[in-house]
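Report on one structure; see the data block that follows.
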Amino acid sequence: MNSKISSKTAEDILFKLYGITAKPIKLPGEVDFNFRIKVTNEDGFILKISGINQDISKLDFQQELLQYVELHKDNLIVPKVVKDKNEKTISEITDTNGKIRYVRLLTWVSGRLWSNVNPKLKDLRYSLGKTCGNTTKILLNFKHPKANYEFDWDIAQSLWTKNYLHLFSEEEKTIVTAFQKSFESCQKSYIKLRKSIIHNDANDNNIVVSGNLLNPEVKSVIDFGDAIYTQIINDLAVACAYAIMDFNDPLEASLAIIEGYHKSFALKKEELEHLYIAIAMRLVISVTKSAINKTKEPENKYLLISEKPAWELLKKWYTINSKFALYSFRNACGFNPHPLEKDYKNWTKDQDFNLSDLFPSVNSNKVHSLDLSVSSTWIGHEVEFNDLDFFQYKINKLQKEYPNKIISGGYLEPRPIYTSNAYDKIGNSGKESRTVHLGIDFWLPEQTPIHALFDGEIVIVTNDFGYKEYGGLIILKHSVNSLEFFTLYGHLSVDSVTKVNVGKKIKKGERIAELGNCIENGNWAPHLHFQVMLTLLDFKNDFPGVAYNNQIDVWKSICPDPNLLFKNSNLQPKKLVSKNSLIEYRKQHLGKSLSLSYKEPLKIVRGSGQYLVDETGRKYLDTINNVAHVGHEHPKVVDAGKKQMAILNTNSRYLHENISHFAKELISTLPPDLNAIHFVNSGSEANELAIRMAKAVTNEKDILASEVGYHGNTNICVDISSYKFDGKGGNGAPKHTHIFPLPDTFRGKYRGENAGDLYAQEVNEQIKNINKKGRNVAAFIIEPIISCGGQIELPKGFLQKAYLYTRKAGGICISDEIQTGCGRMGKTFWGFQLHNVIPDIVTIGKPLGNGHPLAAVACTQEVANKFANGMEYFNTFGGNPVSCAIGTQVLKTIKQEKLQENALKIGQFLKTELQKLSLESPIIGDVRGQGLFLGIELVDKDLNPLKDEASYIVNRMKDYGILMSTDGPDYNVIKIKPPMVFNIENVKELIFYLRKVLIEDFILNYKAK
């Protein structure tokens, strides 16, 4: 064991050999004693003092390598060799025990170590691959006699680990042995791979990353102490092995590294065939070393630092199919993922089968394509496509419309119908679902015979009709010339499947089996799932018929398009409209002020409860769309609208009971005095009408409104919305609009216990200013929690006094409940009820229609009577039967599903969890709001707003499948106002990922920016 080298000794050595005066800082090291040397205004140096009995020729090899790289570096940053006073690159000293040690000084490469970087996103991993590949390219022509030596950390020499299997548990031994045997079995081809001197140690502490917190890049790979002459692919394997630790999906995490490496240094296909096992064997070395060191040097924490993450990765790697990994590697390098994909497609060019070859009894070769994609309107609401009897009815009806065609479709179709949790996993970016269909479905009557298109052999038979997604299943293997592939037939009848066995030879045209009935298909309409595969991977009893979207390039290579066999059927997969084309069209033809959410916009095609779904079938937890008040596409609300739309939709000049039903439901939620209702189409219309009412009642024009208030997009609404006229493109307050300070007790003008009285006095001062001009107040309007102002809760006592001052001046009090109403507050049904006041007018918008354009104005009879001054108010669509049916059902749903109670319970839980989070994260300055209408404000220690951090969090949360948004005058408030069906599990998921993002580098280093 090496005796220690103290910092004081290192300081003396540094001055004696290099004439540098500095205080060395000790760094970890496995063999050398390493010290950081800081020099004013320079990056400084690293002092390396060898262990005893170290081979100087190996150190000479490292020094010459660094000097070679310096000469050929091609923009590569590496430590430079610093010579001592005697112009030597390696100095010799004798320690206090009389032992010879060797000393080297290298320049310090500034930056952050990979181990300290969070998050390690795709672009950063790509840059790691590029840097490692560039290093390999530079070293390709470097030669040294000491480069080929015995070294435990060389993957090529890794079978020494077989001697230490006794150190592992039985589970661990199984994994390690499997990889050792696999590596041993491929030696014949492995030893023929290209060799070179490689870095061989791109681990967490040898990778230097730039200081850019938003777009970090790998600057350098340092410490060439493990450089060796070995297979080139080992270098990439080492980089992957360390860089993909702590990822839920290590295979996916590795692909960017491989892509970057290949970009700098072109890899060969045969090298990729060994990459999976090479990564595994580097991990086997690591865990074996840790097991040995546990007994030899248990106090050396550096030697054990990678043990736990290495084992976690090794276990995950063991579950990954090696062939699928290879195809993924090939895809990352731009090769066809499956090596036979091109051959198969070339072979199909000369093939021309009819569907009647597959279904002779049907005698049809034409198809009607059925769209079951996420965006399909044919499948309708999820209630409909989950009603399998109704689905069967629709199929039968469709077949009658197209009696001479086979209903078909499905290849590469992302479907919403796979709703089971069995299709979900937690990937590197949150939840992932298998949604993309890999075969074709043919809807045909039960017992329809299925015949073979080619000669083949049965290799898989599944008799259990309830097995996974197929029912009865048969897979055939086919050999055509040198091409081998497989065809899959799913949803077969139990009886026909039990009559065949694995190994049976099938001739072209021979009957294979027949379609099962609904029960045998898990109550699905009878249909054949037909799929082509170029490999079975390691599947023994089934094969995936659905894939994860982020793996689709690999899966569509493994499972090529079956339509290639049926050229005359006109069966083609539906093509998705790209996001880029939609964006370009918007830019050219839609309003120039129309904005999109997020740096990378989403294409959303479906909603369900508290989720929005994109075109690939990915679900996004929605924390911001309070418009979908009772949940996106709530089945009862959708049904109410559909039923009424089917029989009548007209204006309110005709008698209809729906408008009365809706009015009664709405009035029942309000204080008795507010019992006159006007129906309109939007929150903006509601506020427009409310202001018009106030002016008609008071014969005045002056309006009192809050700073950063927002009340709609019509002319009058913009005129009273400080959020608009005081913002970009605005011209300030019109002469009849009077703005009082935002009643914010966190960062506002007044923050103490009497803040409510002081802000109310500001309202009174505006009233006095109006009076000084010889005018009086028409209305005071405010939201009970100010939304665009940043979810600002009104201070205690403010609203009561503001109402008092307004009414004393003859004005009308308007409560804008467009975002806060209909039970969202939890404690109360309406926001104004939190403050023990009753307004003269209440405006209601977004929640009422659950996405349908519907709003209302509720007022007192006195206001309604004075407004009815002879000038008729008529709204063509306001109060129409369809809107009223929808609104009535929304209000009933809130009561029936106890959504106000849910808002109270879930909102309190969420607010408590956010408050706990604020204790962990210093940038969360305030957590506020009521029920499911909450906000978290991000500030620095001096309460300065952190807009960039808020934007960063929102976009990163989107990456994890959670939709959030910012608001407030400084856009530093993250607002949370989800559909009211939000539940405990949703809160836990939100908090989990919010906590994860809050410890990322950009957030933690906000003070330095």
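No value in this document is a laboratory result; all are computed from the given coordinates. Remember, predicted model here, so these are calculated numbers, not experimental data. Positions of Cβ are generated from backbone atoms using ideal geometry, with glycine treated the same way; all protein chains shown enter the neighbour counts.
Could you compute the FRET efficiency for residue 404 and residue 668, with r as their C-beta to C-beta distance and R0 at 45 Å, rounded to 0.05?
0.20
What length, rounded to one decimal in nm, is gained on full extension from residue 246 through to residue 189, with 0.36 nm per residue of separation minus their alpha-carbon distance?
Numbers: separation 57, 0.36 × 57 = 20.52 nm, distance 3.13 nm.
Here the segment from residue 246 to residue 189 would lengthen by 17.4 nm.
Using label points projected 7 Å from each Cα along Cα→Cβ, tell me how many nm separate residue 148 and residue 518, to one decimal.
The two pseudo-label positions are separated by 7.3 nm.
Once you sort the root eigenvalues of the Cα gyration tensor of the range 7-110 as a ≥ b ≥ c, which label holds: rounded (a/c under 1.5), prolate (a/b larger than b/c) or oblate (the other case)?
oblate
Grab the other residues whose beta carbon is less than 11 angstrom from that of residue 770, score K and R as +1, D and E as -1, and report the net.
Neighbour charge sum, excluding residue 770 itself: +3.
Evaluate E = 1/(1 + (r/R0)^6) for residue 836 and residue 908, where r is the Cβ-Cβ distance and R0 equals 25 Å; express this FRET efficiency to the nearest 0.05.
Computed FRET efficiency for residue 836 and residue 908: 0.75.
Above 16 angstrom, tally the Cα pairs of the range 738-823 and express them as a % of all pairs, no decimals.
Above the 16 Å cut-off, the range 738-823 has 52 percent of its Cα pairs.
Would you list which aspartates and glutamates come within 19 Å of residue 366, measuring only between C-alpha atoms, while excluding same-chain residues fewer than 8 positions from it?
Partners found: 352, 357, 401, 441, 561.
Using the number of other C-beta atoms within 10 angstrom as an exposure proxy, rank 318, 993 with the fewest first.
Neighbour counts put them in this order, fewest first: 318, 993.
Suppose the Debye formula is applied to equal point scatterers at every Cα of the range 638-896; what is log10 I(q)/I(0) at q = 0.10, 0.12, 0.17 Å⁻¹?
Once normalised to I(0) and log-transformed, intensities are -0.48, -0.68, -1.30.
Going 7 Å from the Cα of residue 100 toward and past its Cβ, which residues in the range 59-83 have a backbone nitrogen under 17 Å from where you end up?
59-61
Leaving out same-chain residues fewer than 8 places away, which lysines sit with a Cα under 20 Å from that of residue 316?
Cross-link targets: 120, 122, 173, 181, 289, 308, 425, 431.
First measure r as the distance between the Cβ atoms of residue 8 and residue 116, then evaluate 1/(1 + (r/R0)^6) with R0 = 30 Å and state the FRET efficiency to the nearest 0.05.
0.65
Nearest 5 percent is fine: what portion of the DSSP beta bridges confined to the chain is antiparallel?
On the way: 102 of 123 bridges.
If I count the DSSP bridges inside the chain, around 85 percent turn out antiparallel.
Once label points are set 7 Å from the Cα along Cα→Cβ at both residue 54 and residue 920, what is their separation, rounded to one decimal in nm?
Output for this residue pair reads 4.1 nm.
Label the range 331-405 by shape, choosing from rounded, prolate and oblate, from the square roots a ≥ b ≥ c of the eigenvalues of the Cα gyration tensor; if a/c is under 1.5 it is rounded, and otherwise prolate applies when a/b is larger than b/c, oblate when it is not.
oblate
Please report the spacing between the Cα centers of the range 524-563 and the range 63-142 in Å, no decimals.
Cα centroid to Cα centroid, the span is 47 Å.
Using a 7 Å offset from the Cα along the Cα-to-Cβ direction at both residue 319 and residue 772, what is the distance between the two label points in nm, to one decimal?
7.2 nm
First check a/c for the range 347-569, with a ≥ b ≥ c the square roots of the eigenvalues of its C-alpha gyration tensor; if it is under 1.5, answer rounded, and if not, answer prolate when a/b is larger than b/c or oblate otherwise.
rounded
If neighbour count is taken as other Cβ atoms inside 10 Å, put 480, 997, 718 in order from fewest to most.
Lowest count first: 480, 718, 997.
Charges at C-beta only: +1 for Lys and Arg, -1 for Asp and Glu. How large is the resulting dipole of the range 7-110 about its Cα centre, in Debye rounded to 20?
320 debye
Enter the angle in degrees (range 0 to 90, nearest 10) between the Cα long axis of helix 755-772 and the first principal axis of the Cα atoms of the chain, meaning the one along which they spread out most.
50 degrees
What is the list of residues in the range 333-352 whose amide nitrogen lies under 19 Å from a point 7 angstrom out from the Cα of residue 477, following Cα to Cβ?
What the label zone holds, given the 19 Å backbone N cut-off, is 339-341, 344.
Would you mind checking the tilt of helix 388-401 against the longest principal axis of the Cα atoms of the chain, expressed as 0 to 90 degrees and rounded to 10?
90 degrees
Could you give me the ³J(HN,Hα) list for the range 147-157, computed from phi with Karplus coefficients 6.51, -1.76, 1.60 and θ = phi - 60°, whole Hz, x at Gly and Pro?
With the stated coefficients, the range 147-157 comes to 6, 10, 8, 6, 8, 4, 8, 7, 4, 4, 9 Hz.
Using the charge dipole of the chain (Lys, Arg: +1 at Cβ; Asp, Glu: -1 at Cβ; taken about the Cα centre), state which of 155, 601, 245 has its Cα farthest towards the positive end.
Working it through, the farthest residue towards the positive pole turns out to be 601.
Just rank 520, 633, 657, fewest to most, by other beta-carbon atoms within 10 angstrom.
657, 633, 520
How much net charge surrounds residue 607 when only other residues with a Cβ under 9 Å from its Cβ are counted (Lys, Arg +1; Asp, Glu -1)? Display every interim value, and only then the final one.
Working: positive: 606; negative: 622, 633.
For residues surrounding residue 607, the net value is -1.
Treating the angle as unsigned and between 0 and 90°, give the value, to the nearest 10°, between the Cα long axis of helix 233-243 and the longest Cα principal axis of the chain.
Approximately 40 degrees, to the nearest 10.
Using helices alone, what [θ] at 222 nm do you get for the chain, with -39,500 (n - 2.57) per DSSP H run of 4 or more residues, divided over all residues and rounded to the nearest 500?
On the way: 33 runs with 357 residues, N = 1009.
Mean residue ellipticity at 222 nm (helix-derived): -10500 deg cm²/dmol.
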